[in-house]
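Visitor: Pasting in a structure now, in structure tokens, and then I'll have a few things to ask.
The values are calculated or read from the model by the stated rules, or taken from the named source; none is laboratory data. Just so we're clear, the structure is a prediction, and the values are computed from it rather than from any experiment. Here the Cβ positions follow ideal geometry from the backbone for every residue, glycine too, while neighbour counts run over all protein chains shown. To get the accessible areas, we keep the full protein, side chains included, count just its heavy atoms, and leave off ligands, DNA and RNA. Shrake-Rupley method; radii C 1.70, N 1.55, O 1.52, S 1.80 Å.
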Amino acid sequence: MLSKALPGPDRKMVQDAITQGAVRCLLDRGDPRLQNYLLCNACGSCTPYCPAQINDPGSNGDSGYLARKVTAALQAGRHPEINLADCVQCYSCETVCPRSVSIGGIINAVYEMEHVHPVFRRMLLDRGGLPPHAFLPLYASKGRLRNFVTKTVRHPYRADERAVDEARRLLLHPVAASAFSLPGHPTQKQPLAPPDRVFHLRSCCAFNYPGADLSQRKILNALGVEYVTSRSQTCCGGAPHYMGGAGFADRLLLTTRNLSVIQDVCGSDDIAVTGICPTCSDSYSTALELLATSANRTVASEALDQVGREVCSPEAFSVANILDLYPLYLDELQKLIETRLSGLHVGVHVSCHYRKMNGTPAVPPQLQSLVAVTGARVVRSRMEHYCCGGVKNLFDRHLNGHPHEISRLNQLVHQDFTDQHLDVMIVDCPGCELVYDHLGVPVLHISEFLALAMGVDPREAVYVQGHLTSLSPALGRIGIL
Ligand code: SF4
Ligand code: SF4
């Protein structure tokens, strides 16, 4: 692929022109994330989708904003002289890029080298994931400390000691990203078949929405899909990776270790991995793709060997993200719906990371179809193609001491919700849910929404009182609360 972008000598010349800094170091190390920046032909497709561009009013009309500037600088042999912290790691640029240039990955690689985040790193080492106190500042800034304490008591973070110890040992003996190679093209995903049994992942972000997790379990039960969980599962490394607390290889090894745990619990064949978080789905999807290469498997094997684990066989797994899983049961869901939500006007927002995982910028129809099953009216949003603003941006604002500084994208998202006279937003991602919720927009995860439509108790099972923004006006109007 690279040779088609620039002939060999030019490519070498470009690389040699970068003489110092993180980019030089990454090139010298052969970091796989920097493998294809030469493919960028400045088409500009990525620019309008980049939240960093939207967040900077001065950048309007600047056809070379953040994403494009990174590749332009590298192609010119310069370090990108821009604030990479502005990147919210949504990967919209990569998803929309006709040449699959891994801009988000390049920024992530540079960011990882220059700014490993000590807070998130510490949490990973101590707890094997983002524990509840990672989210404390978000509750404090909203004056919702009681809400936070109640959740920590009712829904404590659980990974067993051995799991945390294994994760810690992997993180303390880091493997360089350059030890792994990325496949040239994403492999064609096989359509998901209805699974008999699934492994249900516990997501770190589920702390904020225990109802999303409980609802998912209720839905699986109602559909007759057996699920298993394990306290030996830790964080996949996805959320900390995008926020600067886990490197590329850290994330891959944490996920690979979890795959080994899952294989122990589920046996060896046809294991579907599900959960409420598309960033987790993307971690597993990426790991399975990387582990399909024998050289990558060898490197991962050596690392896992140190903690007494074996690398699983990737062919045994499929990733059953809920936007792929639930639509297999539309007829069954239709029969299970007891409480019609037809009085609600809802917007739908599909996460950037789900779209990244599927390699398409198009808004997939699944979320809309699932909402339609409940009888609620879906109002399409003019913001539906865009990132919600990003969890990274939310955390950055709090960590930088500007919790109330709302980004321009956040303002547009909020304005759109108001202009469309929506009752509630429906999302597929607990991270997007947190962004909307913190912004003051009533929001429900699709699993919470479906569970409500099936008639489960909104307080006990869906735990709607745990949200930062009250759902009482919307759900009270249709008699559910
Ligand atoms: S990952 Fe998102 S924020 Fe970062 S450059 Fe790409 S589109 Fe912009
Ligand atoms: S969409 Fe891809 S090819 Fe086009 S400017 Fe962006 S990175 Fe370059």
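Visitor: Which GluC sites (Glu not before Pro) in region 375-481 pass both tests, a DSSP loop state and at most 12 other beta-carbon atoms within 10 Å?
Guide: 405, 460
Visitor: Working from the alpha-carbon coordinates of region 148-306, get Rg over Rh, Rh being the Kirkwood radius. Present the calculation step by step, with values, prior to reporting the outcome.
Guide: Details: Rg = 15.9 Å, Rh = 16.6 Å.
Computed over Cα atoms, the ratio is 0.96.
Visitor: Can you tell me the orientation of helix 161-172 relative to the chain, as the angle in degrees between its alpha-carbon axis and the longest Cα principal axis, to the nearest 10?
Guide: Compared with the principal axis, the helix lies near 20 degrees.
Visitor: List the pairs from 69/151; 189/392; 69/356; 151/392; 69/392; 151/189 whose alpha-carbon separation is above 32 Å, in the order I gave them.
Guide: With Cα atoms farther than 32 Å apart: 69/151; 151/189.
Visitor: Can you list the HN-Hα couplings for region 323-336, worked out from phi with the Karplus curve (6.51, -1.76, 1.60; θ = phi - 60°), rounded to whole Hz and with x for Gly and Pro?
Guide: 6, 9, 7, 4, x, 5, 10, 4, 5, 5, 4, 4, 6, 7
Visitor: On to the next question. Mind checking the log10 I(q)/I(0) for the chain at q = 0.07, 0.12 Å⁻¹? Debye, one equal scatterer per Cα, no solvent, two decimals.
Guide: Each listed q corresponds, in turn, to -0.34, -1.07.
Visitor: Taking H as built 1.01 Å from N, whose amide H comes closer than 5 Å to the amide H of residue 319, not counting residues under 5 places away?
Guide: Amide H neighbours of residue 319, under 5 Å, 5+ apart: 273.
Visitor: Ordered by residue, what ³J(HN,Hα) values in Hz, to whole numbers, does region 378-383 give under the Karplus form 6.51 cos²θ - 1.76 cosθ + 1.60, where θ = phi - 60° and Gly and Pro are x?
Guide: Computed from phi, the couplings for region 378-383 are 8, 9, 6, 9, 6, 9 Hz.
Visitor: If I take every Cα pair under 8 Å that is 6 or more residues apart in the chain, average their sequence separation and divide by the length, what percent do I get for the relative contact order? Kindly include the intermediate steps, with their values, before the conclusion.
Guide: Working: 816 pairs, mean separation 79.2, N = 481.
For the chain, the relative contact order is 16 percent.
Visitor: Next question, about the same structure. Quantify, in whole percent, the carbon and sulfur part of the accessible surface of the chain (1.4 Å probe; protein heavy atoms only). Provide the component values of the computation, followed by the final result.
Guide: On the way: 9430 of 18820 Å².
Looking at the chain in its full context, I get 50 percent from C and S.
Visitor: Given 0.36 nm per residue, what is the gain on full extension from residue 119 to residue 420 after removing their alpha carbon distance, in nm?
Guide: 104.5 nm
Visitor: Taking all protein chains together and a probe of 1.4 Å, list 340, 33 from the most accessible to the least accessible. Walk me through the numbers before you get to the answer.
Guide: Working: 340 130, 33 10 Å².
I get 340, 33, largest accessible area first.
Visitor: Using every pair of alpha-carbon atoms in region 387-481, split the distances into 10 Å bins beginning at 0 and state the percent of pairs per bin, rounded to integers.
Guide: 16, 48, 28, 9, 0
Visitor: Calculate, for the chain, the solvent-accessible area per residue in square angstrom, rolling a 1.4 angstrom probe over the heavy atoms of the protein chains.
Guide: Spelled out: the 1.4 Å probe surface of the chain, per residue, equals 39 Å².
Visitor: Here's another thing I want to ask about it. List the GluC sites (Glu not before Pro) within region 294-354 that fall in a DSSP loop (any state other than H, G, I, E or B) and whose Cβ has at most 11 other Cβ atoms within 10 Å.
Guide: Here the sparse-neighbourhood loop sites are 338.
Visitor: Mind grabbing the accessible area of residue 142 for me, 1.4 Å probe, Å², rounded to tens?
Guide: The value for residue 142 is about 90 Å².
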